[in-house]
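Reading through the structure tokens given below for one structure.
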Amino acid sequence: MAETPPLLEVVDVVKEYGESVRTAALRGVSLTLHAGEMAALIGPSGSGKSTLLHLIGLLDRPTAGSLRLNGQDPTTLSEPALAALRGRSLGFVFQFHHLLPAFTALENVMLPAFGDEGRLSAETRARATALLTAVGLEEKLHARANQLSGGQKQRVAIARALSRNPPLVLADEPTGNLDTVASHEVFELMRRFHRERGVTFLVVTHDPRIADRCDRVIEIVDGRIARDERR
Amino acid sequence: MRFVLFVAFRYLRDARGQTALILAAVSVGVAVIVFLSALINGLQSSLIDKTLGSQSHITLRVPRETPRPLVDATPERAIARQVQVAPERLRSIDQWPAVVASLARLEGVTAVSPMVTGAGTAVRGEAKRPITVRGIEPELFRRIIDVPRRMVAGRFDPGGGSVAIGSVLAADLGVGLGDTVRIVTAEGVSDVVRISGVFSLGNMGVDKTWVLTSLRHAQSLFALAGGVTGLELKVGDVFEADAVADEAQRRTGLAAESWMRVNAELLVGLSAQSSSKTMIQFFVVVAVALGIASVLIVSVVQKSREIGILRAFGTPARRILAIFLTEGAVLGLVGSFFGSALGTLLARFFETVARNPDGGPKFPVVLDVPLYVSASLLATVVGLAAAVAPALRASRLDPATAIGNG
């Protein structure tokens with residue numbers, strides 16, 4: 001695995017906020033992630049997990065340091081090019097499902113490809129239908145978000161994250177808002193996609209049971225990597 | 001299906017209450033514009049029709065004679081001069097048939113009619129009234145002023161010793177169809193004519209003084225054998241009359257006067273009316289624009305997290321911009337349809353309810369295709385313009401902040 005080029009390479013990344021008084025959220029973080037890994041990113045609140053996830057997710061730019069995603073340096077890209085790279089290379093699962101309430105489950109899953117391409121293709125529709133079937137929601141294709149349970153919403157969110165077949169899926173506390181049963185189901189679903197389809201996951205979690213079931217645990221404390229263990 | 005249209009229509013459908021409210025506001029705004037324009041255009045059209053119902057668009061006459069000095073001043077000899085303006089006498093237009101042919105070819109001119117006009121007195125028993133005798137070619141003159149349509153008695157067929165006279169003049173003289181009346185002109189010529197028609201052109205001055213006779217008869221009454229004192233023109237676009245008059249004057253050397261110069265005060269009034277209409281329309285448009293903009297801004301704020309999600313998944317900023325611009329344009333366009341229908345109903349209702357004693361509408365309205373097209377276009381453009389600020393705000397939303405704050 002170490003011989004293949006990494007999917008994600010973060011080198012000495014620093015992120016500071018504030019104008020006059022600078023607050024460092026990340027103080028020189030370096031890590032690499034290879035295709036096919038399922039890594040947990042853990043750490044106490046305010047340690048910099050979400051900041052790191054936003055940088056890796058190309059939703060923010062680092063103050064210093066470099067980042068390569070799929071061999072590309074996003075810091076040199078324009079905003080539209082960055083949006084395009086984000087759309088093609090990354091999938092997101094948030095703590096709150098963040099499904100768009102005006103749209104059905106199927107439409108929510110189709111939106112990433114539909115929004116990027118501008119037109120709805122038969123392929124996009126077929127892939128979204130297949131993904132929702134794979135997450136066990138073939139009966140809920142046309143249900144709106146408010147007609148779904150918490151676990152079902154998060155399953156739709158996972159299907160949406162995978163809709164463009166991205167090499168990396170970033171999950172920010174994907175089970176943080178679910179009860180134990182739903183939490184277990186959702187994480188198992190992610191593991192299944194990881195095992196069966198080789199999807200790479202980076203999962204931010206507070207839940208030690210989730211972290212224990214990942215192949216790799218990266219702990220971040222006070223903006224620095226404190227532990228990086230492979231199992 | 002296009003992504004932008006799909007999302008824009010879904011957002012409009014999803015926020016039914018907001019959409020209905022803003023559509024109602026746009027509809028009322030457009031209805032006010034349509035109703036007001038129909039009413040003011042109708043009033044203006046009616047006023048112009050009435051004004052032009054008794055006069056030609058352009059009248060050409062022989063220019064006034066200017067006094068010429070008998071002795072010119074020189075550097076050595078100053079002259080104290082007193083100018084005495086000679087009284088105007090009736091003079092014929094030189095080579096008038098050729099001038100008529102030339103004017104008929106002038107761009108914008110639709111009809112040319114020669115006339116002999118002069119002052120006189122109508123005498124019937126004890127009654128005497130000052131009159132204006134107008135000698136005309138009936139077939140040409142009816143293309144300038146539609147007298148046959150305004151006949152209140154008899155026929156419009158002057159010639160062969162018969163004349164048509166104004167209805168007020170007929171009442172003043174106490175005459176009717178078939179009666180005779182003596183005409184004495186300022187040239188001292190007198191003749192007895194039979195009344196074959198009585199007309200009412202809706203202009204007191206005209207109905208009280210005009211006597212229409214044949215051109216030949218007028219020529220003999222004013223001792224102008226074969227001559228004409230003026231030419232009357234009709235043009236296609238009444239508001240081009242000034243320009244056509246200038247060109248006619250330049251070509252013929254005659255003095256040209258358009259209806260616009262004769263009725264300058266009416267035009268000032270119409271212009272003031274148009275300005276009031278424009279001002280009201282402006283404020284309505286501003287109110288509609290503010291309504292659309294405020295609803296869309298609220299929508300952007302409400303949907304900022306969703307916009308962040310769409311951006312995070314790779315939707316380009318330009319598509320987010322297009323979604324909200326489309327919403328604004330759709331609100332304007334659909335609102336303009338409802339507003340046009342509402343405005344039409346209001347205008348027709350107003351026209352039907354307010355009636356003159358003769359049964360005609362007191363406030364005639366003009367509802368035409370250009371009015372609907374311009375109202376729809378205006379509402380759509382205003383909707384689009386009002387959506388620019390909210391759309392820009394949406395497209396510039398930082399996805400990370402939007403997701404975090406939403």
Residues of the range A:152-167 satisfying the condition of being farther than 15 Å from A:Val135 by Cβ and surrounded by 21 or more Cβ atoms within 10 Å (Cβ to Cβ): A:Pro166
Unique residue being assigned to a helix (DSSP H, G or I), open to solvent by 30 Å² or more (accessible area, probe 1.4 Å) and within 14 Å of chain A (Cβ to nearest Cβ) when the list is B:Arg319, B:Arg311: B:Arg319
The range A:117-133, residues that are away from chain B (no Cβ under 13 Å) and open to solvent by 20 Å² or more (accessible area, probe 1.4 Å): A:Glu123, A:Ala126, A:Arg127, A:Thr129, A:Ala130, A:Thr133
Entirely in the range B:1-114, the helices (runs of 4 or more DSSP H) that have 3 or more residues that are open to solvent by 30 Å² or more (accessible area, probe 1.4 Å) and more than 14 Å from chain A (Cβ to nearest Cβ): B:16-52, B:96-104
All helices (runs of 4 or more DSSP H) inside the range A:26-143 with 2 or more residues being touching a residue at least 40 places away in the same chain (Cβ under 8 Å): A:49-56, A:79-89, A:105-117
Subset tally (residues that are surrounded by fewer than 20 Cβ atoms within 10 Å (Cβ to Cβ) and within 7 Å of chain B (Cβ to nearest Cβ)) for the range A:89-102: 1
Filter result (in contact with a helix residue (DSSP H, G or I) (Cβ under 9 Å, 6 or more places away or on another chain) and open to solvent by less than 70 Å² (accessible area, probe 1.4 Å)) within the range B:352-377: B:Pro361, B:Phe363, B:Pro364, B:Val365, B:Val366, B:Leu367, B:Asp368, B:Leu371, B:Tyr372, B:Ser374, B:Ala375, B:Ser376
Residue within the range A:48-59 that is more than 13 Å from every other protein chain (Cβ to nearest Cβ) and farther than 28 Å from A:Lys140 by Cβ present: yes
Hey, A:Val204 hydrophobic (A, V, I, L, M, F, W, C) and closer than 25 Å to A:Glu117 by Cβ or not: no
Unmet requirement for B:Gly339, which otherwise passes all of (1) part of a helix (DSSP H, G or I); (2) within 27 Å of B:Phe9 (Cβ to Cβ); (3) open to solvent by 30 Å² or more (accessible area, probe 1.4 Å): (3)
Condition check for B:Ala256: in contact (Cβ under 8 Å) with a residue 12 or more places away in the chain, in contact with a Lys or Arg (Cβ under 9 Å, 6 or more places away or on another chain) and open to solvent by less than 40 Å² (accessible area, probe 1.4 Å): yes
Meets criteria (under 16 Å from B:Gln55 (Cα atoms), open to solvent by less than 10 Å² (accessible area, probe 1.4 Å) and hydrophobic (A, V, I, L, M, F, W, C)) for B:Ile195: no
Lone unmet requirement of (1) buried (at least 16 other Cβ atoms within 10 Å of the Cβ); (2) modelled with pLDDT of 90 or more for B:Leu267: (2)
Elements of type helices (runs of 4 or more DSSP H) in the range B:165-253, at least 2 residues being farther than 18 Å from B:Ala119 by Cα and touching a residue at least 60 places away in the same chain (Cβ under 8 Å): B:241-252
Number of the exception - B:Ala389 against (1) over 14 Å from B:Ala289 (Cβ atoms); (2) open to solvent by 50 Å² or more (accessible area, probe 1.4 Å); (3) touching a residue at least 60 places away in the same chain (Cβ under 8 Å): (1)
Neighbours by Cβ (under 8 Å, 6+ apart or cross-chain): first from the range B:2-23, within 18 Å of B:Ile297 (Cβ to Cβ); second surrounded by 19 or more Cβ atoms within 10 Å (Cβ to Cβ) and of a type in the set (S, T, N, Q): B:Ala8/B:Thr326; B:Tyr11/B:Ser299; B:Leu12/B:Thr19; B:Ala15/B:Ser299; B:Gln18/B:Ser299
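The values are calculated or read from the model by the stated rules, or taken from the named source; none is laboratory data. Only a predicted model underlies this, so the values are computations on that prediction, with no experimental measurement involved. Using ideal geometry, Cβ is built from the backbone for each residue, glycine included, and neighbour counts are taken over all protein chains shown. Please note that ligands, DNA and RNA were not included when accessible areas were found on the heavy atoms of the full protein model with its side chains. Shrake-Rupley method; radii C 1.70, N 1.55, O 1.52, S 1.80 Å.
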